[in-house]
Amino acid sequence: MVKKVFLYGCLLVVLAAAGLWLLGLGLWAEPWKSAEVVSGPRVEHAAAHSSPSILFGDLHVHTSFSLDAALFGLPLVTDSDIALPSDACDFARYCSALDFWSINDHAESMTPRGWQDSVQAIRDCNAQSGDPANPDLVSLLGWEWSHTSTEAATHYGHKNVIFREWEQGRTPLRPISSARDFILARMMPAPLRGYLSIHPEFQRYQDFAHFVREIVSVPACPEDIPGAELPTDCREVAETPELLYRKLEELGYDSLVIPHGLAWGRTNPRDADFSNQLAQHNPKYQRLIETYSGHGNSELFADFERRITNGDGGYSCPAPGKDFIPCCHRAGELIRERCEEPDSVACEQRVETARSYAAEVLDDRSRAVVSGATPEDWGNCGQLLNSFLPAWYYIPRQSTQYNLALGDFSATGSPLRARFGIMAASDGHKGRPGSGYKEFDRIYMTDTKDVGESGGLLGALVPGGGAGERGPDPVKATEQGFLGTLIQPDRIGSFYYTGGLTAVHAQGRDRDSLWRGMVNKQVYGTSGERILLWFDLLNSPEGIAPMGSEVRQVENPRFRVRALGAFKQQPGCPDYSRQALGEQRVADLCRGECYHPGDERKAITRIEVVRIRPQRSPGEPVVDLIEDNWRVFDCPAAGQGCEFEFEDAEFSRAGRETLYYVRAIQEPQPTINGDNFRCEYSAAGECVKFNFCIDEQAPPGEDCLGPAEPRAWSSPIFLDFQ
């Protein structure tokens, strides 16, 4: 009898496993496909531009063809709508009213079917833009090349590839991936996908299961065949930036490569350093850098260490500073709080052990070192303090200022530099280009997850996933395994924002005028507000030189800055949006709120000037070369605009290469996660309680608004002393 029960039990297990495997194949799926874009063009846009204009757009947009977007859009996590390229087109045209945008789904998870859908959607979107010489919206084709390594020396980060053309025969046959196999897809085998399908929204999970099966079924392309001769149904791979540029050169199409997310701790090792890839920098393609996005601000260089390399190859924990508290240091303090005798030698040994364990692993895995610790226990450790909307677990040696100050001296002759133009984007994963036009609906308009934020998807799947029991001794994170560290609670929900915009000074609205402005680096980034900004060198040898220019001169430079605040927004949506989309579509796609400017502008409060003198020799300390807030000019309190001129009287005397850029700061306004920590303060001004924008502290209807000063960052003007 016992034997029969055992056999029946085994049979049930086998049948259940087989059932989950079949469900995981997505056999009942309805593969995603873009719908027809809404007929255009938008009836209200700047119709004629006889003088240089400023165009606003978003050059970093993901849809559900990015696996992470599809995964975190599931009902178990966020329950976002499936967002496809046609949806992004409609949103850009009628919700955010952009002048241009680009599609940038991850090449690593892009399937041949998904690529063809994206190409066709971009063509359809442009076909609805009206007169090509004066379109309402320019839609650009592209992808994201997403490289990640746990070793800083071989980590190249994420880069968006964008193309000027979209016509038949003028687009790549496939995107170019950074990896031959996509690990995230492999981590979701068929039985797990089948388990997810046991859900009231069965169809959503079946469609997802089918998509994952598509991804893992795409083989890597042969390495010994030129790209133009490869079949269309394989994954083309370039594992380094140098190989990526070579393949783009073989394609022969006009393209740009834009590094982004450089200071975001989720996708970069804590020791990541842009100097490790500077030798592979190609200025023909890599002309712009994404300084700000919905994942935070990557501008500032703060000279701190996240961990210190020991002579024996290990790591130790650095001391805290004014703007940064290492999480390894905080791990020690949390263990000290659990000691019965905090001042004893035994307690001090446990404290040092905790710091050592936490220094060994990545910042987000150091949480596992202290069992039972909550996000509030970790407080503000690991984050850049006293800064504007910072990136989560800020990586300083990937920041824009640091990159602009570097020089590569490995070859003879002049040092190689990355002379980037500065731009911003959303990096949103819900098909919402330009989502920062209003600060509302945090779950929909940012990358926030409303379920399992403190433990991610795995925390929602694993019973009891999270902090666990509070133990008195540190736990070695490397012995918990990957799953054990992933489901620890964290504070990332407090570091998602609506995202930024790229502004381009262009001679017209057409595609070629837009492209020339980007290639010439006549661009600037904003934190989402449509601030108008001009920054010019007045006395170059050739006359007036705009932002992005590279100039040789010996005379002390004179500059002019002009800035005008963004229009204040009216509630709701304009008539043209409702007429084109219909009331229900406006409610579903735009959430009832669109870009809807009034006639009054917000005030610009000040202009900040940054001066950087790039390295002249290897090892020259970068921190001494960056002068943040070199000059600060207050703007008239009564006015909405600001204009002034200034001179660098030290340029000729210093006799060295120098670059300058400006920040235009707008009056404060309520902003999603404008106050990352939402502290409750004591009478002495100390934070006694953190209220992070996660879980029960911020239910889905809570927008976590806090005061922040929107801003615009100009591209630099680069001066060579000659």
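The values are calculated or read from the model by the stated rules, or taken from the named source; none is laboratory data. From a predicted model like this one, the values you see are computed outputs, not experimental measurements. No Cβ is skipped: glycine too gets one built from the backbone with ideal geometry, and neighbour counts run over all protein chains shown. What goes into the accessible areas is simple: the full protein's heavy atoms, side chains included, and nothing from ligands, DNA or RNA. Shrake-Rupley method; radii C 1.70, N 1.55, O 1.52, S 1.80 Å.
Each of residue 412 and residue 15 was given a label point 7 Å from its Cα along the Cα-to-Cβ line. The distance between the two points is 7.8 nm.
What order, most packed first, do the peptides 698-704, 86-92, 20-26, 344-350 have when packing is the mean number of other Cβ atoms within 10 Å of each residue?
86-92, 20-26, 698-704, 344-350
Residue 547 sits with roughly 0 Å² accessible to a 1.4 Å probe, with DNA, RNA and ligands left out of the calculation. Here is the P(r) of the stretch 160-207: all C-alpha pair distances, binned every 5 Å from 0, give 5, 15, 15, 13, 10, 13, 14, 11, 5 in whole percents. Computed from the Cα positions only, the extents of the stretch 297-349 along the three principal axes stand at 44, 29, 14 Å, in decreasing order. With Cα atoms defining each centre, the stretch 522-582 and the stretch 150-198 are spaced 34 Å apart in the structure.
Counted over the chain, the DSSP beta bridges are approximately 80% antiparallel. Between the residues 200, 125, 295, the greatest Cα displacement towards the positive end of the dipole of the chain, with unit charges on the Cβ of Lys, Arg, Asp and Glu, is found for 125. Name the residue from 551, 582, 672 whose Cα lies farthest towards the positive end of the charge dipole of the stretch 548-702, charges +1 on Cβ of Lys and Arg and -1 on Cβ of Asp and Glu. Positive-end residue among those listed: 551.
D for the stretch 636-722, whole µm²/s, Stokes-Einstein with Kirkwood Rh over alpha-carbon pairs at 37 °C and 0.692 mPa s: what number?
189
Counting only protein heavy atoms and using a 1.4 Å probe, the accessible area of residue 242 comes to about 120 Å². When +1 charges are put on Lys and Arg Cβ atoms and -1 charges on Asp and Glu Cβ atoms, the dipole computed for the chain relative to its Cα centre reaches about 640 debye. Taking a spot 7 Å from the Cα of residue 645 along the direction of its beta carbon, which residues of the stretch 547-561 have an amide N less than 14 Å from it? Correct set: 556-561. Each listed q (0.20, 0.21, 0.22 Å⁻¹) maps to a log10 I(q)/I(0) for the stretch 197-304 from the Debye sum over equal C-alpha point scatterers, namely -1.11, -1.14, -1.17. Size of the stretch 485-582: Rg and Dmax of its alpha carbons, in Å, are 20.0, 60. Taking every full run of DSSP H in the chain, the ones that stretch at least 30 Å from end to end by Cα along their long axis and average 1.6 or higher on the Kyte-Doolittle scale are 2-24.
The residues neighbouring residue 559, those whose beta-carbon lies less than 12 Å from its own, together hold a net charge of 0 under the Lys/Arg +1, Asp/Glu -1 convention. The order of 353, 148, 63 by accessible area, most exposed first and with a 1.4 Å probe, is 148, 353, 63.
For the set 534, 392, solvent exposure ranked by accessible area (probe 1.4 Å, protein chains only) runs largest to smallest as 534, 392. Size descriptors for the stretch 91-227, from the alpha-carbon set: Rg then Dmax equal 17.8, 52 Å. Taken over the stretch 536-687, the percentage of Cα pairs per 10 Å bin, counting from 0 up to the bin with the maximum distance, is 9, 23, 24, 22, 16, 6, 0.
Over all pairs of different C-alpha atoms, the stretch 255-299 has a mean inverse distance whose reciprocal, the Kirkwood radius, equals 11.5 Å.
The local environment of residue 544, defined by Cβ-Cβ distances under 9 Å, has a net charge of -1 under the rule Lys, Arg +1 and Asp, Glu -1. Here the average projected area of the convex hull drawn through the C-alpha atoms of the stretch 175-245 stands at 5.6 nm². Local charge for residue 358 was computed over the other residues whose Cβ lies under 12 Å away, with Lys and Arg +1 and Asp and Glu -1, and equals +3.
Just checking my list (1) 57, 44, 19; (2) 39, 34, 26; (3) 41, 34, 32 against semi-axes √(5λ) of the Cα gyration tensor in Å computed from this structure; which label fits? Identified label for the calculated read-out: (2).
Here is the P(r) of the stretch 333-425: all C-alpha pair distances, binned every 5 Å from 0, give 2, 10, 15, 15, 13, 11, 10, 8, 7, 5, 3, 1, 0 in whole percents.
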